[in-house]
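Comments concern the structure below.
The values are calculated or read from the model by the stated rules, or taken from the named source; none is laboratory data. This structure is a prediction, so every number in the text was calculated from the model and none was measured. Note that we place each Cβ from the backbone using ideal geometry, even for glycine, and neighbour counts take in every protein chain shown. To get the accessible areas, we keep the full protein, side chains included, count just its heavy atoms, and leave off ligands, DNA and RNA. Shrake-Rupley method; radii C 1.70, N 1.55, O 1.52, S 1.80 Å.
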Amino acid sequence: MKFLKILILFISLQLTAQQGGMWIPSLLEGMNEEEMTSLGSKLSAKDIFDVNKSSLKDAIGHFNGGCTSEVISDKGLILTNHHCGFGQIQSHSSEENDYITNGFWAMNYSEELPNEGLFIEFIIRIEDVTTRVLQGVTSQLSEKEKQSLIDKNSAAINKAASKEEWQGSKIKAFFKGNQYFLFITERFEDVRLVGAPPVSIGKFGSDTDNWVWPRHTGDFSLFRIYADKNNRPAKYHKDNVPYTPKHYLPISLDGVAENDFTLVFGFPGRTNEYLPAAAIEQITQKVNPSNIEIREAALKVIDEAMKNDNKIRIQYASKQARIANYWKKWIGENLGIEKSNAIAKKREFEAKFQVLIKEKGLEETYGSTLSDLEKLYAEFEDVAIKRSNFIEVFIRNNELMHMMFRLYQMESSFKKGEESFNKSKESTIARIQGIHKNYNATLDENVYNAIISFYTDNKDASIYKSTNFTNTNTALEVLQGDAEGVLKKLNDDSAYIYAKPFIEEFYNTINPEYQRINTEINALQKTYMKALMEVMPNERYYPDANSTLRVTYGQVKGYAPRDAVYYNPVTYLDGVIEKYIPGDYEFDVPQKLQDLYAAKDYGQYADSNGKLPICFLGTNHTTGGNSGSPAIDAHGNLVGLNFDRVWEGTMSDMNYDPEICRNIMVDLRYVLFIIDKYAGAHHLIEEMDLVHPKG
Ligand code: ARG
Ligand code: GLU
């Protein structure tokens, strides 16, 4: 009996232990390959990542540094999320040509729209350069000296890296600085908008459904990479031609069923899986709550204005989405940490760790690591909150203050001389023009009034009446002329006079103090990471996300977040119609989609049960930056497009729990259905490679 219990426990541990983790794609041989196979994969490590032959990795591009995208045709057609391409869709939109509301479909190459500044970057090669990066770094050096030596070594490695002249390279730290990798990259800068569904499909459910399951969003958009006549990266040019990729993903028309293997390949941004309990407590109980309050107050103003004014709705669409997204994420993260008892469990784990240290005779080396970390986090608390609140109020939510922040940086650059000032002036002008492109001064003033008291009692809304920076022309007027003249005018501006002391405090006191403690924390986190690997060598360790290419894998699975509640892993078009609220800004459904539903006109895109699949869930461990990542089946075909996580599992950035953490993907058959049946863009379907792996 007892043996049976232990056996069952062992088996279930084995099963759950195989989930979670964001793995380095060049190091999958061995453990990961075995795990993937046991989860149903037919792929070898080399199918996924190979530097000598084309492999899946050649189809995966970092989209504008923040999202992921993949190549889906031999003509450089690119798939990513609607919310990843949203800035571009918005920038081509006006009240007359409202691509947000109506969608956009280029019916041939000449209609595809260029996007200044947009880029897609591929990974050519990955090399472990740890020994060279850490050469000469000894424990005698201060943290500052260590870092400057690391920077110097890295610069030398970058310089010496063997690569083609059109390729780039970068070095990134892994496992908290215990390991370093060099990435050789290829960056394409002529990326054109090809297609986007209307927002009522691409962002169906909007903020109400964001981070929530069941989900019915067709969160996709299409782009195309253009290259020069040698198929190399080039700036936009009308003579550029569609890029011929080394690899593109075939698309499966067979979809996935519960327990099928899936692999998500992309560029996760940032996770913190090895934090001590004290840090999780601080983030969820102190930092998140104050930031949530600030954003909530700002959103109330912005949402109201967007509802009442069509021009503002278009102008503020991206800003609102950005602010709302993490506002809601933080709420979910806090709830998840609380409900899963994550802090108490972490403390238990830490107690066990402490015992093992003793048992292994490592007290001298690691005995005080955790308690030192705890002390540092306590010291960190006030400044961490203050800095975070400053960023929210002065940079992320209020645009006039954001402009002042940039202008302060410009003024500071004058200390480095006229040339540096002029360079900074150029970028500040661009920044201010960018803000003013979609700016409403009254709305911004209302945001100021709503949030400033979260940071200071010194509130003065009269600055909005007299400042030059709520108007594009008068703002640019201030920035006209030589450094001295510009700085004189700037320092006479009411908003600048108001904001400057806060920004000075940030630069002179808050940020240096924050950095000082943070440097010490990072050094200890590095030690803690090393200690974990040494003390518990049989655990699975994966490096925290750092915006580099990663593989995560799992299975299609539902979940049970609370007593008596079980969520199925697949949604259908029926659910879109269930949620339909005529005329609603979140849940309206285009007539054409209703008609297709009524006629059950799904073509080759229906599931075997005759229904049209919309989204599905998996146990893949993802985070921000994985948006737009392909979900790949056991054979290497594209089956889904990652775009979100479930509410109960948003805590996975600090605490991945395979029981309830799920990523949300759009079923590729819904994407194809919208392109084909809804938009009639058959020419796009024709350039793809549609396959039936299940026969
Ligand atoms: N939550 C997803 C992500 O983090 C989707 C965001 C889309 N934005 C929105 N406000 N609905 O990016
Ligand atoms: N929507 C997120 C993104 O933009 C992905 C969802 C997540 O954070 O897991 O990357």
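If you go through segment 314-346 and keep only what is away from ligand 2 (no atom under 15 Å from the Cβ), within 19 Å of ASN438 (Cα to Cα) and open to solvent by 30 Å² or more (accessible area, probe 1.4 Å), you end up with just LYS319.
Of the residues in segment 654-674, not one is within 30 Å of ARG562 (Cα to Cα), part of a helix (DSSP H, G or I), touching a residue at least 12 places away in the same chain (Cβ under 8 Å) and among the charged types (D, E, K, R). Every condition in (1) open to solvent by 10 Å² or more (accessible area, probe 1.4 Å); (2) more than 23 Å from the chain's Cα centre (by Cα); (3) under 30 Å from PHE616 (Cα atoms) holds for ASN272 except the one numbered (2). The set of residues in segment 372-413 being open to solvent by 60 Å² or more (accessible area, probe 1.4 Å) and without any contact (Cβ under 8 Å) to a residue 12 or more places away in the chain consists of LYS375, ASP382. Scanning segment 639-672 for residues that are in contact with a helix residue (DSSP H, G or I) (Cβ under 7 Å, 6 or more places away or on another chain) and of a type in the set (A, V, I, L, M) turns up VAL639, LEU641, MET651, MET654, ILE660, LEU672. Considering the conditions (1) surrounded by fewer than 14 Cβ atoms within 10 Å (Cβ to Cβ); (2) of a type in the set (Ser, Thr, Tyr); (3) in contact with a Pro (Cβ under 6 Å, 6 or more places away or on another chain), TYR566 is excluded by exactly one of them, (3). Counting residues in segment 170-177 that are surrounded by 19 or more Cβ atoms within 10 Å (Cβ to Cβ), closer than 18 Å to GLY61 by Cα and away from ligand 2 (no atom under 16 Å from the Cβ) gives one or more.
Got at least one residue in segment 436-445 being of a type in the set (Asp, Glu), open to solvent by 20 Å² or more (accessible area, probe 1.4 Å) and at pLDDT 95 or above? Walk me through it before giving the result.
Here is the first cut: in segment 436-445, the residues of a type in the set (Asp, Glu) are 444-445.
Then drop every residue that is not open to solvent by 20 Å² or more (accessible area, probe 1.4 Å), which leaves 445.
Imposing the further condition that a residue be at pLDDT 95 or above reduces the set to 445.
Scanning segment 436-445 turns up at least one residue that is of a type in the set (Asp, Glu), open to solvent by 20 Å² or more (accessible area, probe 1.4 Å) and at pLDDT 95 or above.
The one condition from (1) closer than 23 Å to PHE265 by Cβ; (2) open to solvent by less than 10 Å² (accessible area, probe 1.4 Å) that ALA681 does not meet is (1).
Kindly indicate the residue of segment 183-242 that is over 30 Å from MET306 (Cβ atoms), of a type in the set (Val, Ile, Thr) and touching a Ser or Thr at 6+ places or on another chain (Cβ under 7 Å) and also farthest from ligand 2 (Cβ to nearest atom) among those meeting that condition. Out of the qualifying residues, it is ILE184.
Sort out which residues of segment 158-193 are in a strand (DSSP E or B) and of a type in the set (A, V, I, L, M, F, W, C), and write them in order of number. Scanning segment 158-193 gives ILE171, ALA173, PHE174, PHE181, LEU182, PHE183, ILE184, PHE188, VAL191, LEU193. Conditions: (1) at pLDDT below 95; (2) within 24 Å of the chain's Cα centre (by Cα). LYS339 meets all but one. Number of the miss? Status for LYS339: all satisfied but (2).
A single member of VAL570, VAL666, VAL646 is away from ligand 2 (no atom under 16 Å from the Cβ) and among the β-branched types (Val, Ile, Thr), and it is VAL570. When you scan segment 633-646, do you find a residue that is within 16 Å of ligand 1 (Cβ to nearest atom), within 24 Å of ASP574 (Cβ to Cβ) and aromatic (Phe, Trp, Tyr), even just one? Checked against the condition, which is being within 16 Å of ligand 1 (Cβ to nearest atom), within 24 Å of ASP574 (Cβ to Cβ) and aromatic (Phe, Trp, Tyr), segment 633-646 yields at least one hit. Candidates in segment 79-117 are the residues that are within 16 Å of ligand 2 (Cβ to nearest atom) and not polar (S, T, N, Q); of these, the one that is surrounded by the most Cβ atoms within 10 Å (Cβ to Cβ) is GLY85. Take the conditions of a type in the set (Phe, Trp, Tyr), within 16 Å of ligand 2 (Cβ to nearest atom) and crowded, with 16+ Cβ neighbours inside 10 Å and apply them to PHE587. Does it pass? The answer is no for PHE587. Assessment of segment 60-71 against the conditions (open to solvent by less than 30 Å² (accessible area, probe 1.4 Å), within 20 Å of the chain's Cα centre (by Cα), more than 16 Å from ligand 2 (Cβ to nearest atom) and touching a residue at least 12 places away in the same chain (Cβ under 8 Å)) yields at least one matching residue.
Residues considered: PRO613, PRO693. Of these, the only one that is open to solvent by less than 30 Å² (accessible area, probe 1.4 Å), away from ligand 1 (no atom under 14 Å from the Cβ) and in contact with an Asp or Glu (Cβ under 9 Å, 6 or more places away or on another chain) is PRO613. Residues of segment 451-467 that are of a type in the set (A, V, I, L, M, F, W, C) and open to solvent by 30 Å² or more (accessible area, probe 1.4 Å): PHE454 alone. Looking at ASP219, ASP254, ASP260, just one residue is within 14 Å of ligand 1 (Cβ to nearest atom), among the acidic types (Asp, Glu) and touching a residue at least 24 places away in the same chain (Cβ under 8 Å), and that residue is ASP219.
To keep it simple, each residue is scored yes or no on (1) of a type in the set (Lys, Arg); (2) over 30 Å from LYS459 (Cα atoms).
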{"residue": "LYS489", "(1), (2)": "yes, no"}
{"residue": "TYR498", "(1), (2)": "no, no"}
{"residue": "ILE503", "(1), (2)": "no, no"}
{"residue": "ILE510", "(1), (2)": "no, no"}
{"residue": "GLU513", "(1), (2)": "no, no"}
{"residue": "THR519", "(1), (2)": "no, yes"}
{"residue": "ASN522", "(1), (2)": "no, yes"}
{"residue": "GLN525", "(1), (2)": "no, yes"}
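For segment 26-50, the candidate set comprises residues that are surrounded by fewer than 21 Cβ atoms within 10 Å (Cβ to Cβ) and touching a Ser or Thr at 6+ places or on another chain (Cβ under 8 Å); within that set, the residue that is nearest to CYS84 (Cα to Cα) is ASP47.
Across segment 224-245, the number of residues qualifying as crowded, with 16+ Cβ neighbours inside 10 Å and over 25 Å from the mean Cα position of the chain (by Cα) comes to 7. Checking the structure you have, find out if any residue of segment 428-440 is closer than 18 Å to LYS489 by Cβ and of a type in the set (D, E, K, R). Yes - at least one qualifying residue is present in segment 428-440.
Every residue, every condition in (1) of a type in the set (D, E, K, R); (2) at positive phi; (3) touching a residue at least 24 places away in the same chain (Cβ under 8 Å), yes or no:
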| site | (1), (2), (3) |
| --- | --- |
| LYS500 | yes, no, yes |
| THR509 | no, no, no |
| ILE521 | no, no, yes |
| MET536 | no, no, yes |
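Look at segment 227-247: where a residue is among the aromatic types (Phe, Trp, Tyr) and a partner is open to solvent by 60 Å² or more (accessible area, probe 1.4 Å), sitting 6+ places away or on another chain with Cβ atoms under 8 Å, you get TYR236/GLU116; TYR236/GLU189; TYR243/LYS75. For beta carbons closer than 9 Å, sequence separation of 6+ or different chains, a first residue in segment 558-570 that is in contact (Cβ under 8 Å) with a residue 40 or more places away in the chain and a second that is part of a strand (DSSP E or B) and among the small types (Gly, Ala, Ser), the qualifying pairs are TYR567/ALA560; PRO569/GLY618. If you go through segment 135-154 and keep only what is open to solvent by less than 60 Å² (accessible area, probe 1.4 Å) and closer than 22 Å to GLN515 by Cβ, you end up with VAL137, LEU141, SER142, LYS146, LEU149, ILE150, ASN153, SER154.
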